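K.L.:
My questions all concern the structure below.
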Amino acid sequence: MNTFEELGLNSQILESIKKIGFEQPSPIQSEVIPFLLNETGDMVGLAQTGTGKTAAFALPMLQLTDSSKHETQGLILAPTRELCVQIATEMGRYSTGLPGIKIVAVYGGEDIRKQLRQLDDTPQILVATPGRLLDLIKRKKVSLANVDTFVLDEADEMLNMGFLDDITAIFEQTPPTRRCLLFSATMPAEIADIAKTYLKEWKEFSVGKRGESAKNIEHLYVLTKPALRYDVLKRILDYNPDIYGIVFCRTRQETKDVAEKLMADGYNADALHGDLSQAQRDMVMNKFRIKNLQILVATDVAARGLDVNDLTHVIHYNLPDDKETYTHRSGRTGRINKSGISIAIITAREKVAIKRLEKSTNKTFKEMEIPSGMIICQKQIIHLVNKMMDVQPDEKMRKFLPDVMEMLKDMDKEEVISRFISVEFNRFLDYYKDAPDLGAAIRKSVREEEAEGGSRKKSRREMRQADKGDSVRLKINRGRHDGMEPRKLLGLINDVVKDRGLPVDNIDISPKFSFFDIKKSQVGKVIRCFESSPRARGIVISEVKGRR
Ligand code: AMP
């Protein structure tokens, strides 16, 4: 392990790092910082958030910036407003010993006038979302002519959000002499294409293998029947009283439903999804960030803006469709050099998806048993006693003690302890005393399903039925009254999803809504595209459950 001193950073920056409390460079920092300081050439960094990648590019960028020149030398592109703010704030902390370096973040979704004013005195380092940056270039408020380092952070996320054309346009604005640093958690073909088109000879750095993070994440799955998904989630949460985690859901509606049920059941939970206003989202994210909130229920899109990566658990209430989303989600658990747990709640049918994930991520997934009521009660009681042993009694409380002692004088120690514990603990005991053995019930149903599947060949009719079971009906809040018709709906889906090969069936247009079927495997992608595309602004998409 090296030290920060050995990486070639100057004394001012070392001083700031020390003040912040970083003790050792993370693996990506040990490799990238000396390369950026001592060598030339572009680079590709395969690293997720939580690996320390921001400091890996930010510290050398700050060291190499010439504070006497009032021109933009460092440009960092990031997919979301939250990430831009986070990067700029972090760089501000690293540069406290470097007066004269100005760092500005510009992003969409906020009044441009304030940002225009911040640009009056040209910053040496600009952190931006792609759309807003192009807007500012058009207004001649930003020039990229003198950029010497161009960072694309979370490049795969930027592509997911449809920024490819904007990124291409921005590349065209930077001088050919600039150095490009491309960071991405995964390496889909589109990212490789960008690298091939715009990067010169580049060096590749990856923490762990391709698409993996250096963090130590344990990947688990737990079997459920569809109807018991929420009960299984509750067991997982009850078994982990100290959990600080995100429960990922597929749709806004599911996110709301799960969060509401959890809150009603007494958990410290809240929801984060696209139907909230920016102010509401900021409030929830902040509560979660400062750990006033233990469990966040979120859609993938909404969680993008959240810069929390030190979770104890990530729970997939539903499996995502693709490996990239799975990797992003689970990468949020595990702090630098610490471990985390990712748990997917799946039905027996989804076991094949786990096998696929195992292959593509090169990880082993272990099956997790559903904890029984007894084990949960034991875990909760130990947690409660540990909490009691850790607490420091407040001195002010002592003045009430004589009265309390007087009230308890006829009870022995055991009686007092058991009563105090019961105050908190009986909630669990009541819930679990007659609780069924969920694990056994689910195992039985899985065995029956498997036996049924193997014991008879399916008739054609049954196969057609099964095919139908493979598609999902979606609904949007635009119908005939909004001028919707089948061709328009197909055009809208094409524009939003950007996949002309996507099979869309059984279109129905009612006065206020439109309905259509798509393959189950595509649901997550389609919903995500609708929830993030500017073309679908105001459109609410949801799954139609049950019979049509
Ligand atoms: P990132 O991967 O850049 O999103 O960083 C994740 C978190 O780790 C941030 O909160 C950083 O402040 C923190 N961090 C970065 N480098 C180190 C380090 N060497 N030691 C401890 N924490 C770090």
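K.L.:
Does V297 meet the test of being assigned to a strand (DSSP E or B) and either over 11 Å from the mean Cα position of the chain (by Cα) or more than 25 Å from K53 (Cα to Cα) (or both)?
P.N.:
Answer is yes for this residue.
K.L.:
May I pose another question? I20: aliphatic (A, V, I, L, M) and surrounded by fewer than 15 Cβ atoms within 10 Å (Cβ to Cβ), yes or no?
P.N.:
Answer is yes for this residue.
K.L.:
To continue, here is another question. Among the residues of region 142-154, what is the count of those that are at pLDDT 95 or above and either over 30 Å from E39 (Cα atoms) or part of a loop (DSSP other than H, G, I, E, B) (or both)? Break it down stepwise before answering.
P.N.:
First, pick out the residues of region 142-154 that are at pLDDT 95 or above: 142-153.
Adding the requirement that they be either over 30 Å from E39 (Cα atoms) or part of a loop (DSSP other than H, G, I, E, B) (or both) leaves 142-148, 153.
Total meeting the criteria: 8.
K.L.:
Within region 1-46, work out how many residues are within 15 Å of the ligand (Cβ to nearest atom), under 26 Å from L199 (Cβ atoms) and assigned to a loop (DSSP other than H, G, I, E, B).
P.N.:
The qualifying residues number 3.
K.L.:
If you don't mind, another one. Which residue out of E172, E157 is modelled with pLDDT under 95, within 21 Å of K53 (Cα to Cα), assigned to a helix (DSSP H, G or I) and not basic (K, R)?
P.N.:
E157
K.L.:
While we're on this one: Answer yes if at least one residue in region 106-117 is of a type in the set (A, V, I, L, M) and within 25 Å of the chain's Cα centre (by Cα), and no otherwise.
P.N.:
Yes, there is a match, as at least one residue in region 106-117 is of a type in the set (A, V, I, L, M) and within 25 Å of the chain's Cα centre (by Cα).
Table: residues versus (1) within 16 Å of the ligand (Cβ to nearest atom); (2) surrounded by 24 or more Cβ atoms within 10 Å (Cβ to Cβ).
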site	(1), (2)
Q48	yes, yes
L59	yes, yes
S67	no, no
E82	yes, no
Q86	yes, no
T89	yes, no
I101	no, no
E110	no, no
L116	no, no
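K.L.:
Any idea which residue in region 332-372 is nearest to the ligand (Cβ to nearest atom), counting only those that are open to solvent by less than 50 Å² (accessible area, probe 1.4 Å), of a type in the set (V, I, T) and under 27 Å from K444 (Cβ atoms)?
P.N.:
Within region 332-372, the subset open to solvent by less than 50 Å² (accessible area, probe 1.4 Å) is 332-334, 340-348, 350, 353-354, 357-358, 361, 365, 368, 370-372.
Subset that is of a type in the set (V, I, T): 333, 341, 343, 345-347, 354, 361, 370.
Next, from what is left, pick out any that are under 27 Å from K444 (Cβ atoms): 341, 343, 345-347, 354, 370.
Details: I341: 18, I343: 22, I345: 27, I346: 29, T347: 34, I354: 27, I370: 33 Å.
Per the stated criteria, the residue is I341.
K.L.:
Oh, and also: In region 261-278, is there at least one residue being more than 26 Å from I376 (Cβ to Cβ), open to solvent by 50 Å² or more (accessible area, probe 1.4 Å), more than 16 Å from the ligand (Cβ to nearest atom) and in contact with a Gly (Cβ under 9 Å, 6 or more places away or on another chain)?
P.N.:
Yes: region 261-278 contains one or more residues that are more than 26 Å from I376 (Cβ to Cβ), open to solvent by 50 Å² or more (accessible area, probe 1.4 Å), more than 16 Å from the ligand (Cβ to nearest atom) and in contact with a Gly (Cβ under 9 Å, 6 or more places away or on another chain).
K.L.:
What is the residue count in region 123-168 for residues that are among the small types (G, A, S) and open to solvent by 10 Å² or more (accessible area, probe 1.4 Å)?
P.N.:
4
K.L.:
With respect to I191, is the statement that it is assigned to a strand (DSSP E or B), at pLDDT below 90 and out of contact with any Leu (no Cβ under 6 Å at 6 or more places or on another chain) true?
P.N.:
no
K.L.:
Among the residues in region 399-406, are any at pLDDT 85 or above and touching a Pro at 6+ places or on another chain (Cβ under 8 Å)? If you could, list the steps in order and put the result at the bottom.
P.N.:
Within region 399-406, the subset at pLDDT 85 or above is 399-406.
Now restrict to residues that are touching a Pro at 6+ places or on another chain (Cβ under 8 Å): none.
No, region 399-406 contains no residue that is at pLDDT 85 or above and touching a Pro at 6+ places or on another chain (Cβ under 8 Å).
K.L.:
Considering region 214-236 alone, what residues qualify as being among the hydroxyl-bearing types (S, T, Y) and under 16 Å from I295 (Cβ atoms)? First the steps, then the outcome.
P.N.:
So the first thing to find is which residues in region 214-236 are among the hydroxyl-bearing types (S, T, Y), and the list is 221, 224, 230.
Result: Y230, single match.
K.L.:
Out of all the residues in region 495-508, which are at pLDDT below 85 and either touching a Lys or Arg at 6+ places or on another chain (Cβ under 7 Å) or open to solvent by less than 50 Å² (accessible area, probe 1.4 Å) (or both)?
P.N.:
Matches in region 495-508: D495, D499, L502, P503, V504, I507.
K.L.:
Of the residues I243, I217, which single one is among the β-branched types (V, I, T), open to solvent by less than 70 Å² (accessible area, probe 1.4 Å), touching a Ser or Thr at 6+ places or on another chain (Cβ under 7 Å) and assigned to a strand (DSSP E or B)?
P.N.:
Only one candidate qualifies: I217.
K.L.:
Of all residues in region 511-528, which are without any contact (Cβ under 8 Å) to a residue 60 or more places away in the chain and either assigned to a strand (DSSP E or B) or touching a helix residue (DSSP H, G or I) at 6+ places or on another chain (Cβ under 7 Å) (or both)?
P.N.:
P511, K512, S514, F515, F516, D517, I518, K519, V526, listed by residue number.
K.L.:
Taking the conditions exactly as written (touching a residue at least 24 places away in the same chain (Cβ under 8 Å) and within 16 Å of the ligand (Cβ to nearest atom)), does L311 satisfy them or not?
P.N.:
Yes: the conditions hold for L311.
The values are calculated or read from the model by the stated rules, or taken from the named source; none is laboratory data. As the structure is a computational prediction, the values presented were derived from the model and not from experiment. Neighbour counts run over all protein chains shown; Cβ positions are idealised from the backbone, glycine included. Heavy atoms of the whole protein, side chains included, go into the accessibility calculation; ligands, DNA and RNA do not. Shrake-Rupley method; radii C 1.70, N 1.55, O 1.52, S 1.80 Å.
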